[in-house]
Amino acid sequence: MISQVLNALVRAALLFVLLSLYCRKALKIVLSDCRVKKPASPRAWAVWIPVAVILPALVSLYFIFFADGVFANRHLDSATIEYIFACAIFSACLAAGFGEELLFRGFVMRILEVHFGKIAAVLVPSIIFVLMHLTNMQNPNLLDILLLFVAGTSVSITFSLICYQSGSIFPGAVVHGIWNLIIIGQILTIGVNPRNANIFTYTLQTKSVLLTGGAFGIEASFPEVIGYAAVIILALLLINGKYKIKGR
């Protein structure tokens, strides 16, 4: 368990150091220019921390209460449970949540925004995000890829708009991290074929790919897309009147 925690922390720290060095030495900017800084207003936390908890909670509850399935407790030993919690908190939540936001919403989005404007800065990382996650699917068909594209694009646009609204990558990193903790942290796994290394599982009995998310799983499902669409609308409403996301 200690090795997993250290591995996650080292990966996050190494990414931070490498990007910081590249920004200073190659781009002649500092990470704060990439919105790696505290939010422009502390009130941002009053919006995005509740969203970070409510979004994955509502998606999970929707499946449990409205989708046919079977709930199970794996009855794992305490050492395994501690290991799963450590991986969920430090790897899925902290390292992945912070690392991906630092890379995509900080570094990549900054470069695209400077050269191509804000529309490209929002859309291009979403396409890269989808392409990266294609490798997580086994034998996907066209519908699986389409679902991933819609879901991945909505997720990426959400985090980009949160970054623009707050002026910082950190609120989006919190939303991203807590989503990972609850949805993919293996504490409660919802899907057609949950893996054994989970504390609780909810095995979906439905054959609807809109609910199962196809080959990628529930992160590409219709309820997930609806949830992120709601957050996109919220972010746009908060942005409206302050500044608009548009091209240069």
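Every read-out reported here was derived from the displayed coordinates using simple, explicitly stated rules and does not represent laboratory data. Just so it is clear, the model here is predicted, and its values are computed rather than measured. Cβ coordinates were reconstructed from backbone atoms using ideal geometry, including for glycine residues, and neighbour counts include every protein chain displayed.
Among 43-53, 183-193, how do they line up from the highest to the lowest mean number of other beta-carbon atoms within 10 Å?
Working: 43-53: 16.7, 183-193: 19.6.
Going from most to least packed, we get 183-193, 43-53.
Quick check: net charge around Ala151, other residues with Cβ under 14 Å of its Cβ, Lys/Arg +1 and Asp/Glu -1?
Computed value for this residue: -3.
Non-local lysine pairs in the chain, meaning eight or more places apart or on different chains, with alpha-carbon distances under 30 Å, amount to 21.
The H on the amide N of Ser168, modeled in the peptide plane, is under 5 Å from the matching H of Ala40, each at least 5 residues off or on a different chain.
The H on the amide N of Ile29, modeled in the peptide plane, is under 5 Å from the matching H of Arg24, each at least 5 residues off or on a different chain. Would you please give the FRET efficiency between Gln205 and Leu142, computed as 1/(1 + (r/R0)^6) with r the Cβ-Cβ distance and R0 = 22 Å, to the nearest 0.05? E(calc), rounded to 0.05, equals 0.35. Over region 1-151, the hull volume per residue, using the convex hull of the C-alpha atoms, is 183 Å³. Measuring nothing but how far apart in sequence close Cα pairs (under 8 Å, 6+ apart) lie, relative to its length, the chain scores a relative contact order of 30 percent.
Taking the helices alone, the chain has a mean residue ellipticity at 222 nm of -18000 deg cm²/dmol, built from -39,500 (n - 2.57) per DSSP H run of at least 4 residues and averaged over all its residues. Of interest is the spacing of the C-alpha centroids, which for region 95-129 and region 1-80 amounts to 16 Å. Near the amide H of Thr189, within less than 5 Å, lie the amide hydrogens of Phe200, Thr201, Tyr202, all on another chain or at least 5 residues away, with H placed in the peptide plane. Computed from the Kirkwood radius of its Cα pairs, the Stokes-Einstein diffusion coefficient for region 125-248 at 37 °C and 0.692 mPa s stands at 211 µm²/s.
Per-residue 3J(HN,Hα) values for region 134-151, derived from phi via the Karplus relation 6.51 cos²θ - 1.76 cosθ + 1.60 with θ = phi - 60°, read 4, 5, 7, 9, 9, 6, x, 9, 4, 5, 4, 5, 5, 4, 4, 4, 5, 5 Hz in sequence order (x marks Gly and Pro). The ranking of Asp144, Asp77, Asp33 by Cβ neighbour count inside 10 Å, starting from the fewest, reads Asp77, Asp33, Asp144.
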